[in-house]
Amino acid sequence: MKAFSQQLIDEARAAFIEGDYKTAEPILNQPTLLNSKNPEVLQMLATIYYDQGKFNKAITTFKQALEVEPGYTDAAVGLSIILNDIGRYDEARKVFEDARAHLDFKKQSSSPDINESFAAKHAELADMYLQHRRYEESAEQYSKAISLSAKKADYVMRLVECFVRAGQNDRAVKELKNMLASDPRLTAPRLKLGLILYNSHHIAEAVDQWENVLRYDASNQEALRYLKMAQAAGVTSLSL
């Protein structure tokens with residue numbers, strides 16, 4: 001039979017995951033849990049405070065969670081989100097990097113599962129920087145996610161989008177071409193490459209990319225639509 005405190009945590013976690021913060025908060029604030037100094041309890045409470053707009057209280061509670069467990073990435077990311085929201089970008093990055101450094105010091109980062117977890121957290125941080133138009137910081141975090149993950153494609157595509165938003169189409173094209181060099185059958189990067197080339201007025205090259213998609217997937221609707229778009233622009237004559 002589970003201990004009473006564990007039952008409370010399970011109940012609070014279930015409500016928290018469902019977004020039912022009104023149920024989760026009073027459970028988490030019970031002395032049995034608050035006095036346990038459980039980092040998950042503190043992390044959930046801090047997230048609820050953030051949702052309520054109680055930024056100072058959320059920051060304090062996230063920091064308490066990290067004092068208990070310095071490598072707790074969920075708390076580090078949560079704290080980073082708030083610090084980014086209030087413009088304390090350098091401090092936000094340091095919080096997350098300190099959490100990772102702590103786990104590296106304990107030699108836990110060699111585990112593939114932990115590497116994937118860190119990759120996801122770096123991507124979350126990158127998303128935040130992208131939201132605030134901090135493109136170089138965003139690209140740096142996406143690159144770290146790519147280096148850690150065995151499932152790189154999604155992170156590369158997000159890095160490409162970061163470069164596009166930053167107006168750095170040459171870097172986006174380079175990343176996409178590197179992906180396609182390793183696997184020419186990939187559809188999403190080839191479609192994206194075609195769009196970037198098209199919007200950069202390299203129409204013939206864009207058309208070539210979309211035609212290549214159709215060589216591997218003759219019924220690809222996006223490629224067909226893009227080719228018709230190019231044809232309608234009167235730039236090239238295509239037989240569809």
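The rows are residues; the columns are (1) touching a Gly at 6+ places or on another chain (Cβ under 8 Å); (2) touching a residue at least 24 places away in the same chain (Cβ under 8 Å); (3) assigned by TED's automatic domain parsing to the domain that holds Glu11.
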site: Leu28; (1), (2), (3): no, no, yes
site: Val41; (1), (2), (3): no, yes, yes
site: Leu45; (1), (2), (3): no, no, yes
site: Thr61; (1), (2), (3): no, no, yes
site: Gly78; (1), (2), (3): no, yes, yes
site: Lys94; (1), (2), (3): no, no, no
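Read through the list (1) part of a helix (DSSP H, G or I); (2) within 24 Å of Ala230 (Cβ to Cβ), then give the number of the only condition that Arg185 fails.
The number of the failed condition is (1).
Starting from residues that are over 12 Å from His122 (Cα atoms) and assigned to a helix (DSSP H, G or I), keep the ones in the stretch 96-106 and report whichever is modelled with the highest pLDDT. Full working, then the answer.
So the first thing to find is which residues in the stretch 96-106 are over 12 Å from His122 (Cα atoms), and the list is 98, 101-106.
With assigned to a helix (DSSP H, G or I) added as a condition, the list becomes 98, 101-105.
Numbers: Asp98: 80, Ala101: 75, His102: 73, Leu103: 64, Asp104: 62, Phe105: 55.
The extreme case among them is Asp98.
Which one of the conditions (1) in the same structural domain as Leu227 (by TED's automatic domain parsing); (2) more than 22 Å from Ala218 (Cα to Cα); (3) in contact with a helix residue (DSSP H, G or I) (Cβ under 9 Å, 6 or more places away or on another chain) does Glu161 fail to meet, given that it meets all the rest?
Looking at each condition in turn, Glu161 falls short on (1).
For the stretch 121-137, enumerate the residues that are buried (at least 21 other Cβ atoms within 10 Å of the Cβ) and basic (Lys, Arg).
Answer for the stretch 121-137, where residues must be buried (at least 21 other Cβ atoms within 10 Å of the Cβ) and basic (Lys, Arg): just Lys121.
All but one of (1) surrounded by fewer than 19 Cβ atoms within 10 Å (Cβ to Cβ); (2) over 29 Å from Glu140 (Cβ atoms) hold for Lys94; state the number of the condition that does not hold.
Evaluating Lys94 over (1) surrounded by fewer than 19 Cβ atoms within 10 Å (Cβ to Cβ); (2) over 29 Å from Glu140 (Cβ atoms) leaves (2) as the failure.
Quick check on my filter: what residues within the stretch 6-32 are of a type in the set (Asp, Glu) and not in a helix (DSSP H, G or I)? Steps first, answer last, please.
If we filter the stretch 6-32 for residues that are of a type in the set (Asp, Glu), which is where we start, we get 10-11, 18, 20, 25.
Glu18, Asp20, listed by residue number.
I'm told Ala206 meets every condition in (1) surrounded by 14 or more Cβ atoms within 10 Å (Cβ to Cβ); (2) small (Gly, Ala, Ser); (3) within 21 Å of the chain's Cα centre (by Cα) except one. Can you identify the failing condition by its number?
Unmet for Ala206, out of (1) surrounded by 14 or more Cβ atoms within 10 Å (Cβ to Cβ); (2) small (Gly, Ala, Ser); (3) within 21 Å of the chain's Cα centre (by Cα): (3).
Identify, from the list Leu66, Leu34, the residue that is without any contact (Cβ under 8 Å) to a residue 40 or more places away in the chain and surrounded by 20 or more Cβ atoms within 10 Å (Cβ to Cβ).
Working: Leu34 fails: surrounded by 20 or more Cβ atoms within 10 Å (Cβ to Cβ).
The unique qualifying residue is Leu66.
Based on this model, can you work out whether Val173 counts as closer than 16 Å to Phe118 by Cα and part of a helix (DSSP H, G or I)?
Working: closer than 16 Å to Phe118 by Cα: no; part of a helix (DSSP H, G or I): yes.
No; evaluated as a whole, the condition is false for this residue.
Could you grab me the full set of residues in the stretch 107-134 that are outside any helix (DSSP H, G or I) and at pLDDT 80 or above?
Once the filter is applied, which keeps residues that are outside any helix (DSSP H, G or I) and at pLDDT 80 or above, the stretch 107-134 yields His132, Arg133, Arg134.
Just to be sure, is Arg215 surrounded by fewer than 15 Cβ atoms within 10 Å (Cβ to Cβ) and either farther than 22 Å from Glu137 by Cα or not hydroxyl-bearing (Ser, Thr, Tyr) (or both)?
Numbers: surrounded by fewer than 15 Cβ atoms within 10 Å (Cβ to Cβ): yes; either farther than 22 Å from Glu137 by Cα or not hydroxyl-bearing (Ser, Thr, Tyr) (or both): yes.
So Arg215 fits the description; yes.
Quick one: which of Ala150, Ala188, Ala223 is in contact (Cβ under 8 Å) with a residue 24 or more places away in the chain and either of a type in the set (Ser, Thr, Tyr) or surrounded by 20 or more Cβ atoms within 10 Å (Cβ to Cβ) (or both)? It would help to see each step written out before you state the result.
Values: Ala150 fails: either of a type in the set (Ser, Thr, Tyr) or surrounded by 20 or more Cβ atoms within 10 Å (Cβ to Cβ) (or both); Ala188 fails: either of a type in the set (Ser, Thr, Tyr) or surrounded by 20 or more Cβ atoms within 10 Å (Cβ to Cβ) (or both).
After applying the criteria, what remains is Ala223.
Can you spot a residue in the stretch 41-57 that is surrounded by fewer than 14 Cβ atoms within 10 Å (Cβ to Cβ), of a type in the set (S, T, N, Q) and assigned to a helix (DSSP H, G or I)?
Step one: list which residues in the stretch 41-57 are surrounded by fewer than 14 Cβ atoms within 10 Å (Cβ to Cβ), which gives 51-53, 56.
Still in the running and of a type in the set (S, T, N, Q): 52, 56.
From the residues that got through so far, the ones that are assigned to a helix (DSSP H, G or I) too are 56.
Looking through the stretch 41-57, at least one residue is surrounded by fewer than 14 Cβ atoms within 10 Å (Cβ to Cβ), of a type in the set (S, T, N, Q) and assigned to a helix (DSSP H, G or I).
The values are calculated or read from the model by the stated rules, or taken from the named source; none is laboratory data. Quick caveat, the model's predicted, so the values are computed rather than measured. Please note: Cβ atoms are built from the backbone with ideal geometry, for glycine as well, and neighbour counts cover all protein chains shown.
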